[in-house]
1. Express in whole angstrom the spacing between the alpha-carbon centres of the range C:195-269 and the range C:47-78.
2. Using θ = phi - 60° and the Karplus form 6.51 cos²θ - 1.76 cosθ + 1.60, what ³J(HN,Hα) does each residue of the range B:112-128 get, whole Hz, x for Gly and Pro?
3. Along the charge dipole of the range C:252-407, Cβ charges K/R +1 and D/E -1, which of C:SER329, C:ALA298, C:SER405 sits furthest on the positive end?
4. Here are some pairs, C:LYS289/C:LYS378; B:LYS130/C:LYS3; C:LYS289/C:LYS323; C:LYS350/C:LYS387; C:LYS323/C:LYS393; which of them have Cα atoms lying more than 22 Å apart in this structure?
5. Check which residues have an amide H placed less than 5 Å from A:VAL174's amide H, if you skip close sequence neighbours.
6. Non-local amide H neighbours of C:HIS314 (under 5 Å, H modeled in plane, Pro and chain starts lacking H): which ones?
7. As I understand it, the dipole of the protein assembly as shown uses +1 on the Cβ of Lys and Arg and -1 on the Cβ of Asp and Glu, about the Cα centre. Which of A:SER87, B:ALA321, B:GLY440 lies farthest toward its positive end?
8. Reported to two decimal places, what Rg/Rh ratio describes the range C:1-155 when computed on Cα atoms with Rh from the Kirkwood expression?
Amino acid sequence: MASNTIQNETGVSSETGADPTRRGFLGRLTAAAAAAGALVAGWPLLRSLVPNVLYEPPKKFRIGAPESFQEGVTFLEEHRIFLFRDSSNYHAISGICTHLGCTVKFSPFTLPQEETVREFTYRALGEFHCPCHGSKFRGEGTNYAGPAPRPLKCFHLEVSRATGELMVDVATEVSRDFRLVV
Amino acid sequence: MILSKITGVWEKLTWSWRPESNREAGSGIVANFLLHWFPNRISLRSLAFPASFYLGTITFVVFLVLTVTGVVLMFLYVPSVERAYWSIKDLDHAVSFGWLLRRLHRISAHLMVALVFLHMFRVFLTGSYKAGEVAKSARPFNWVLGVTLLVLTLLLSFTGYLLPWDQLAFWAITVGTNIAAAVPYVGETIRQFLLGGTIIGQPTLIRFYVLHCALLPLVLFAIAAWHMWRIRKDGGLAIVEQDRKEALTREPSVPKKSKTYSVLGIASGTTVQVNDPTTLNEDNSVPSTPFLTVRILLITLLTVAVSIGLSLVVHAPLEAAANPEVTPNPAKAPWYFLGLQEMVGYSALMGGVIVPTIVILGLMLIPFLDREQKGIGYWFTDGPGRKWGVFGFVYGLVTTCGCLALALLAPMRSIFPTIESQVFFDLVNPATFLLLLFAGMYFVVLKKTASTRYAAIATFCAFIIAFVILTYTGTALRGPNWDFFWPWQAWPIHPTAL
Amino acid sequence: MMKKISQREILWVLFAAVAILAVGIAAIVYDTAPEWKYYQSEFGAIIAENFADVDPATLPSGVQQVWIEKLDRVDRCTTCHLGVTWRGLEDVEQPWTTHPMQEIFDNHPIEDFGCTVCHGGQGFALAEYDAHGFVKHWEEPLLSDIAGSEYDPRNPPPLYETQCNFCHRYERATDGMPYINQAKEFVRTKGCKICHVINGDGGKLGPDLTREGDKHAEGFDFSNLVSDQVTVFNWHIKHFQSPPTIVPGSIMPEMNFQSHEAQALAMLVMSWRDDEDLPRAYLPGVELKDEMTPEEIARDRRMREGDGAFFVEHNCFVCHSIKAYDIQSPTNKGPDLSLAPDDVRARFNKTVEEFLFDPTGTMKIILESQIVLSDEEKWQAVEKIMKAYDIVKNRAVEAEATAASGP
């Protein structure tokens, strides 16, 4: 800043700090109001970029009648979900790797195995491998190799009251022992 | 007769290059953009190729090529998810010279990223971020502007990468934005703000398009202009400090009176030229016109010729149309992020968030941590500097290869199979080891030499080699399933439909 | 002391300027000498040889393109394949030859279908190599004999049938698709639906095959496929020939398919793709008409194929029934034409012929605008009306005779 200062009429130099006169106070008040005004004016510009509506597939959707699924595992490609059926027990595991979002592949065992992972015993048909960076997940979704930081998500399942079809809700996570009994 | 008319018009238009009076010379400086931009005289030390290799100039020329080709491409490309891919197909096949526009734009983009890195390496290794002792310049601040330009260049390249909307684009941006999501607490919000939703779709494409074509180029141009203005304000390339030191040994002459100009009237202190004694004279400098202008012309022509020449032989790839249901194997980020992706393979938090943040912050802080002022403008500063540079390279080579080997042969999760805590693996992994090894080396060299400059040189050289090795690994040595393949090992055949 | 720029510097600038000129000219030359120009000029020579009466200036020049908006495709094949729509060039070599299988080609006009929807390939491209689609990352290569002979050099399977079946999927058998027809026969006779859902129904022991053709190459496990051809097509062929070899533990039986049978089945399976976006105009067998009872359908056929077909073709039946030919009008706005001779004389004091050639009233408007008949057609109508009149009169006489000879 240029070092010349304009001495005001009362002889008080502004070098010793803020101008303590009414004029000074009003000046500072105006500056603060202007700054607030700028923020308020800028807020709509930024807020408009946060969408309220999304043109995306619904988070809750029907996938078909329970009887139409074969025993074992079915991969629903467009939703990236693995649906497991064990006679009348159903559960759904996300096929999206928790590392960087690639679609994992299901690697089936030749024979189903009894497994206990983190004190949960279940019958595993295989495990999940991610092709992108080599992450591996057990049959119930727990990550055990590679850079994936979290287990695969398990999604809520219910039977639609309207049509009787299975409905997956990818916005609601459930624990890995969740089973829908139809 | 017509010829003399043409030459007459030409002479009238180019009056500023041949002023015939002092008054005309003064008017010329204001009327002619190049004469205004360039200083009156340029030191021989700056003009020499090895001082800078003109990397900054080449980078800016490449940016101009990108802008010109980019504007034309904006008429031909459609930023809609249904039509983007097909508009690029048409560019490649049905638009006259569409193939040339596309290849030129793409090769220039990759060149610009590489050149920006090389320019940064040059500026660091010649110590040109240092303020100097004779007259306090703002070169440290200009270095920070430069790092900002590096980040902007990477962002421009990243946003442009999505636009073809092919498998390469879609999944590279999936990987990139998921790395952003690894930031604790606000990561997912950042990711959704970038995407304009929860998935990569039309809102994402249009956001990246506007960022790539409008917002980021404007910001980059403004900061690049500021960056170059700062060079003028500080008296030219940093090597001019050596001319200044020499001038001190000469008889001081009457200081020139001159004014300090500024942009928008916001200026701090007076310009260097006002303060320092006469530096440039007949022996150590030449007039900018014609020496600098012709040199810049030469660099520009060569850069454009090489860019177009490369476009004739290097194809711009276009993979299959983007398919959110099918992840290609392997799915890779753009090459300048592959070093990151390799480290992200060890830990998303460490490799994707912490290390890049430390690198960017570390780079920005260099001029404030290293305040030594000797050898400005000389590569590696001096003899010991060269020695420590070599040491840094070797150290970086050994440690990076070591951490890579560790990652390949002894993955953390197989060494500690019983540990479930993700925080543990985010902290204990080869990326952290590399970071600690480099930090450790800095302090050891600092202790041994008592010089921040030598320690910085060693660390920076280690960083360069680590960047090169990790990028190379991610690009060439990682194949399907992110498995490791030596360069001579063939990747498995990629299955096709027919 | 005025320093001057070194001569070396000036030479460098000259070199750079020349370099730009050189690469610029190279780029321009590369772009202005595309492959297709040669093919178009050769076509001119071929036409001059075979058809002396064709003016060469009317031949297509420049990029040729068919844009089928409904199918979201653009095909530029005809830039080089200039003879496809011509007759008489069957003996000329590719790319100028007439399209083979003329009948099928006539049923699938190029303006409505383009080329790639049947043949595959990259319609966008204008150079042979790119257009034929055997480039990396293009997932619809040309379904030619060259591709087919990779699988069977002596008897290459007609791979394009896969594309035929994308639309003709629900037909039992279609002309021109012998491989697919045979494969469909297998599906009916070999019991595939016991284990697999196919076209809407089937069992659940094996995976649902309704959209098997959409399954991406990345989704298949090729680890047991011992072959140079790591392709989905080959996977299917080998899998049909021996399921447990390709999918260990599979309970799908081995059915001793020969190689061309397995090829046909593989082609069938790969044709089963998501057809939700197929415009209904392209689905064979879909008629946008009111639903009719079986009797109405039978009667409709009789009307179109019987003696009174003339009156259906020319839309007379919209207002007029003709009971002599069992033509039933949906509206009966006008009188029955079987009795036209009497009717026309009574109302207008003319013969039928006179009336047709010089109508009045509503018929005048109709015959001038909606139903425009040539003179030849009018005489035909008169003849048929007179015949109808005779038939009705004879029936009346017979009816009286039958009644008279009653009890």
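Just so you know, all these numbers are worked out from the coordinates, no wet-lab data involved. Remember, it's a predicted structure, so these values are computed and weren't measured experimentally. Cβ sites come from the backbone with ideal geometry, for glycine too, and all protein chains shown count toward neighbours.
1. 41
2. 3J(HN,Hα) across the range B:112-128, in whole Hz: 5, 4, 4, 5, 4, 5, 4, 4, 4, 4, 4, 4, 5, 5, 8, x, 7.
3. Of the options given, the answer is C:SER405.
4. Numbers: C:LYS289/C:LYS378 30 Å; B:LYS130/C:LYS3 32 Å; C:LYS289/C:LYS323 25 Å; C:LYS350/C:LYS387 18 Å; C:LYS323/C:LYS393 12 Å.
With Cα atoms farther than 22 Å apart: C:LYS289/C:LYS378; B:LYS130/C:LYS3; C:LYS289/C:LYS323.
5. A:CYS154, A:PHE155, A:HIS156
6. none
7. B:GLY440
8. Working: Rg = 23.1 Å, Rh = 18.9 Å.
That ratio equals 1.22.
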